[in-house]
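Trainee: Dropping a structure here in structure tokens format, bear with me for questions.
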Amino acid sequence: MKIAIIGNGIAGITAARFIRKLSDHEITIISSESDHFFSRTALMYVYMGHMRWEDIKPYEDWFWSKNNLNLVNDHVQAINSKEKTLSLRSGSSISFDKLIIASGSKSNKFGWPGQDLEGVQGLYSKQDLESMEAASKDLKRAVIVGGGLIGIEMAEMFLTRNIPVTFLVREKSYWSNVLPKEESEMVNRTIMHHGIDLRLESELDEILDDGNGKVGAVLTKTGEKISCGFVGLTAGVRPNIDFLKGSGIETDRGILVNDNLATTQKDIYAIGDCAQIQNPRPGRKPVEAIWYTGRMMGETVAYNICGQNKSYDPGIWFNSAKFFNIEYQVYGQVNAKPEPHEKSIYWEHPDGKKSIRLVYDDYSKKILGFNLMGVRYRHEVCEKWIKEETNIEKVLEQLPIANFDPEFYKSYEQNLIKQYEKASGKTIRTKAKRGLSAALSFLK
């Protein structure tokens with residue numbers, strides 16, 4: 001059987017690896033981005049000089065031929081679902097028996113005048129990294145538009161080269177559609193502490209040409225002109241699916257897929273950022289542009305293609321990131337604006353750089369989620385509590401088990417417990433110790 005995979009990101013490559021483990025089918029991976037798979041989340045570290053390009057390739061170049069995985073560096077322009085062929089930019093075509101679309105995302109553009117000028121871009125692909133590198137030479141100022149994770153990564157990248165950054169965020173506070181108020185304000189302080197010119201409630205209106213087809217400045221909605229030589233468009237990403245027109249594959253925001261990740265066309269599947277789950281599990285979104293969901297989808301689709309029926313189940317939501325020097329983790333349900341039945345215990349360190357939030361149901365008292373800034377909790381432990389709908393008081397009794405900070409770091413669980421005791425009038429007796437052995441015993 002001939003299997004074609006469009007895209008060599010984490011989703012497509014995971015699919016290829018697991019299909020190879022399960023079968024000897026012919027596998028062809030097509031990508032116009034790079035010759036070999038690389039870790040997309042590590043692009044920023046190449047720019048910052050922490051890693052080299054070869055360091056972010058998880059597999060040696062000989063891995064592909066050794067495992068009989070055919071790599072094609074080309075761009076898929078069209079899919080003929082009936083004839084089961086792919087038309088490539090080079091003029092050649094590839095036939096398939098089964099097809100996996102893992103074409104990823106592309107940066108959002110919202111029709112701003114000047115958005116196609118040289119020096120205006122997002123940060124998603126290898127080509128984005130290369131053009132950002134080229135634009136950084138003698139750069140006097142960059143403007144970043146959009147308050148998401150990619151934006152703060154880009155700001156940190158420029159900071160390592162002493163390039164001044166103005167950060168335009170439409171909302172009243174950074175990432176306030178995701179983070180609760182206190183955590184969002186903590187990130188605001190962190191951004192400004194690092195010398196970034198953060199402009200909250202500031203919207204881009206137009207990008208101005210310098211007279212040579214390059215960006216020279218931006219205009220905000222208030223009419224302010226900010227001179228710059230680079231504009232980072234980081235207001236989110238969207239599924240990369242424009243090439244599917246005329247294929248008969250049904251799309252909405254992304255490519256519509258069922259629980260087995262199959263599209264509306266026979267023998268064609270979609271995974272990763274470009275896929276839209278028609279019936280997502282509770283607490284999950286139809287489109288999730290997250291590294292680990294791409295990996296899980298890749299494994300799931302491999303089993304289905306190889307005849308082993310398997311439904312996609314991403315489990316309980318989690319995510320992690322860094323806001324400069326503050327590590328962020330979220331497990332389960334933590335809403336920026338809590339639902340009426342949600343209650344939380346929140347503790348923040350006096351230095352304003354660490355916090356712990358536990359969200360629970362006010363009626364049943366079951367734990368719903370954990371939000372952590374500058375403090376590390378064990379994923380497996382938090383997930384177990386959420387899955388088992390553990391009572392908030394029992395979680396507090398066992399809370400030291402979750403702490404994953406190094407041995408001699410201070411722990412702050414007692415501060416959180418005192419807050420709950422003060423609010424509830426109850427006394428919580430901790431019955432657990434911190435450390436790996438305690439966590440492993442708990443997880444048995």
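The values are calculated or read from the model by the stated rules, or taken from the named source; none is laboratory data. Only a predicted model underlies this, so the values are computations on that prediction, with no experimental measurement involved. Quick reminder, even Gly has a Cβ in these numbers, built from the backbone with ideal geometry, and neighbours come from all protein chains shown. The accessibility values were calculated without ligands, DNA or RNA, using every heavy atom of the protein model including side chains. Shrake-Rupley method; radii C 1.70, N 1.55, O 1.52, S 1.80 Å.
Trainee: List every residue pair whose Cβ atoms sit under 7 Å apart, with the two residues 6 or more apart in sequence or on different chains, where the first one lies in the range 132-145 and is in contact (Cβ under 8 Å) with a residue 40 or more places away in the chain and the second, anywhere, is in a helix (DSSP H, G or I) and of a type in the set (Ser, Thr, Tyr).
Mentor: If the second residue must be in a helix (DSSP H, G or I) and of a type in the set (Ser, Thr, Tyr), the pairs left are Met132/Tyr47; Glu133/Tyr47.
Trainee: Quick check on the range 386-406. Is at least one of its residues farther than 24 Å from Lys353 by Cα and basic (Lys, Arg)?
Mentor: Looking through the range 386-406, at least one residue is farther than 24 Å from Lys353 by Cα and basic (Lys, Arg).
Trainee: Something else now. On the given criteria, is Pro340 farther than 30 Å from Ile29 by Cα, open to solvent by 20 Å² or more (accessible area, probe 1.4 Å) and free of Cβ contacts under 8 Å to residues at least 24 places away in the same chain?
Mentor: It is true that Pro340 is farther than 30 Å from Ile29 by Cα, open to solvent by 20 Å² or more (accessible area, probe 1.4 Å) and free of Cβ contacts under 8 Å to residues at least 24 places away in the same chain.
Trainee: Continuing with this model, one more query. Name the residue, out of Asn162, Asn177, that is at negative phi, outside any helix (DSSP H, G or I), open to solvent by 10 Å² or more (accessible area, probe 1.4 Å) and among the polar types (S, T, N, Q).
Mentor: On inspection, the qualifying residue turns out to be Asn177.
Residues checked against (1) free of Cβ contacts under 8 Å to residues at least 24 places away in the same chain; (2) part of a loop (DSSP other than H, G, I, E, B); (3) open to solvent by 20 Å² or more (accessible area, probe 1.4 Å); (4) among the aliphatic types (A, V, I, L, M):
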residue: Gly248; (1), (2), (3), (4): no, yes, yes, no
residue: Arg253; (1), (2), (3), (4): no, yes, yes, no
residue: Gln265; (1), (2), (3), (4): no, yes, yes, no
residue: Asp273; (1), (2), (3), (4): no, no, yes, no
residue: Thr293; (1), (2), (3), (4): yes, no, no, no
residue: Glu299; (1), (2), (3), (4): no, no, yes, no
residue: Tyr303; (1), (2), (3), (4): no, no, yes, no
residue: Ala321; (1), (2), (3), (4): no, no, yes, yes
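Trainee: Also: Pick from Ile5, Ile19: which is buried (at least 20 other Cβ atoms within 10 Å of the Cβ), in contact (Cβ under 8 Å) with a residue 40 or more places away in the chain and assigned to a helix (DSSP H, G or I)?
Mentor: Being buried (at least 20 other Cβ atoms within 10 Å of the Cβ), in contact (Cβ under 8 Å) with a residue 40 or more places away in the chain and assigned to a helix (DSSP H, G or I) holds for just one of Ile5, Ile19, which is Ile19.
Trainee: What tally of residues in the range 76-112 results from selecting those that are touching a residue at least 24 places away in the same chain (Cβ under 8 Å), more than 10 Å from Ala4 (Cα to Cα) and part of a strand (DSSP E or B)?
Mentor: 9
Trainee: So Ser125 clears everything in (1) hydroxyl-bearing (Ser, Thr, Tyr); (2) open to solvent by 50 Å² or more (accessible area, probe 1.4 Å); (3) modelled with pLDDT under 95 except one condition, right? Which one?
Mentor: Of (1) hydroxyl-bearing (Ser, Thr, Tyr); (2) open to solvent by 50 Å² or more (accessible area, probe 1.4 Å); (3) modelled with pLDDT under 95, only one is false for Ser125: (2).
Trainee: Looking only at residues that are outside any loop (DSSP other than H, G, I, E, B) and free of Cβ contacts under 8 Å to residues at least 40 places away in the same chain in the range 207-231, which one is most open to solvent (accessible area, probe 1.4 Å)?
Mentor: Only one residue tops the list, namely Lys225.
Trainee: For the range 343-392, name all the residues that are open to solvent by less than 60 Å² (accessible area, probe 1.4 Å), more than 24 Å from Lys426 (Cβ to Cβ) and part of a helix (DSSP H, G or I).
Mentor: His379, Glu383
Trainee: Scan the range 134-151 for residues that are open to solvent by 40 Å² or more (accessible area, probe 1.4 Å) and under 30 Å from Ser176 (Cα atoms) and report the count.
Mentor: Of the residues in the range 134-151, 4 are open to solvent by 40 Å² or more (accessible area, probe 1.4 Å) and under 30 Å from Ser176 (Cα atoms).
Trainee: Quick test of your reading of the structure: Thr41 fulfils all but one of (1) surrounded by fewer than 17 Cβ atoms within 10 Å (Cβ to Cβ); (2) over 20 Å from Gly104 (Cα atoms); (3) among the β-branched types (Val, Ile, Thr). Name the failing condition by number.
Mentor: (2)
Trainee: If you go through the range 66-75 one residue at a time, do you hit one that is part of a helix (DSSP H, G or I) and either open to solvent by 60 Å² or more (accessible area, probe 1.4 Å) or touching a residue at least 24 places away in the same chain (Cβ under 8 Å) (or both)?
Mentor: The answer is yes; a qualifying residue exists.
Trainee: Select from the range 305-319 the residues that are assigned to a loop (DSSP other than H, G, I, E, B) and open to solvent by less than 50 Å² (accessible area, probe 1.4 Å) and list them in ascending order.
Mentor: The answer is Cys306, Tyr312, Pro314, Gly315, Ile316.
Trainee: If you go through the range 401-442, how many residues are within 16 Å of Gly374 (Cα to Cα), part of a helix (DSSP H, G or I) and either open to solvent by less than 30 Å² (accessible area, probe 1.4 Å) or of a type in the set (Lys, Arg) (or both)?
Mentor: Qualifying residue count, the range 401-442: 3.
Trainee: Failed condition for Asn260, given (1) crowded, with 19+ Cβ neighbours inside 10 Å; (2) not in a strand (DSSP E or B), with all others met?
Mentor: Of (1) crowded, with 19+ Cβ neighbours inside 10 Å; (2) not in a strand (DSSP E or B), only one is false for Asn260: (1).
Trainee: Going through the range 129-156 one residue at a time, which ones are under 19 Å from Ser320 (Cβ atoms) and assigned to a helix (DSSP H, G or I)?
Mentor: Leu149, Ile150, Gly151, Ile152, Glu153, Met154, Ala155, Glu156
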